Amino acid sequence: ARFDLSNDGFDSAIKSMGGAVRRSSSSAGTVYKVNVGYNFNKFFAVEGGYVKLGKAPYNTSVKGGQVSSSVKASGIHVAALGILPVNEQFSVFGKLGLIRSTVHQQLDASSPGQQVSGSNTYHRVGGNWGVGASVKISKPLALRVEAEQFFRLEGLHNKSSGLKVNLLTAGVQYSF
């Protein structure tokens, strides 16, 4: 997964105080999702489940001090899938949906003689979209790969800015 912290306002504030901004946009830790779904026909399906989107660090330095932060995101999601069967074994799909996200932010700042720590947990309904492909390897089993983006999960300092996570997954699909 890849986090897009979309945090230009925070960067500008740090720079105006004479700070240098160094940040990481890569997530760390375990990323996974578990879905259940229903195919109405060979062209349309719905799915939903739980997704753990990982953790992203944010580090910077200011005159005489350091600021470090981390953001973790997860949520419950539901999506509609439009499916285009290419042949009996292979199909491609597009998806559009919603996520009820939980975003936890931890912040630690230090300078000579001072140390500040804090954390917040935010909840928000955001969106997701993606594309993917599926290859049947037997009647009930298929291999599935998809690229998707979860967006507007929560603004770190401005609720309208949002947080994006890009996710590339590969998995196994079992059909009843």
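Please treat every number below as a calculation from the coordinates, not as lab data. Computed from a predicted structure; not experimentally measured. Ideal geometry is used to build each Cβ from the backbone, glycine not excepted, and the neighbour counts take in all protein chains shown.
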Cα-derived Rg over Rh, computed across the range 82-123 with Rh taken as Kirkwood radius: 1.51
Phi to ³J(HN,Hα) by Karplus 6.51 cos²θ - 1.76 cosθ + 1.60 over the range 131-142, Hz, x for Gly, Pro: 9, x, 9, 9, 10, 6, 10, 7, 4, x, 10, 9
Amide H contacts under 5 Å for LEU153, placed H, 5+ residues apart: LEU163
Neighbourhood charge, 11 Å Cβ-Cβ cut-off, centred on TYR50 and excluding it, Lys, Arg +1 and Asp, Glu -1: +3
Taking ILE137, ILE83 and counting other C-beta atoms within 10 Å, the order from fewest to most: ILE137, ILE83
Sorted by Cβ neighbour density within 10 Å, fewest at the top, the residues HIS104, HIS77, HIS123: HIS123, HIS104, HIS77
The range 48-115: C-alpha pair distances exceeding 13 Å, %: 74 percent
Where Rh is the Kirkwood radius over Cα pairs, Rg/Rh for the range 69-176: 1.17
Out-of-range pairs (alpha-carbon distance over 27 Å; input LYS95/LYS164; LYS55/LYS136; LYS33/LYS139; LYS42/LYS164; LYS33/LYS164; LYS42/LYS72): LYS55/LYS136; LYS42/LYS164; LYS42/LYS72
Taking the range 85-176 and dividing mean pair separation by its residue count, relative contact order in percent (alpha carbons under 8 Å, at least six apart): 25 percent
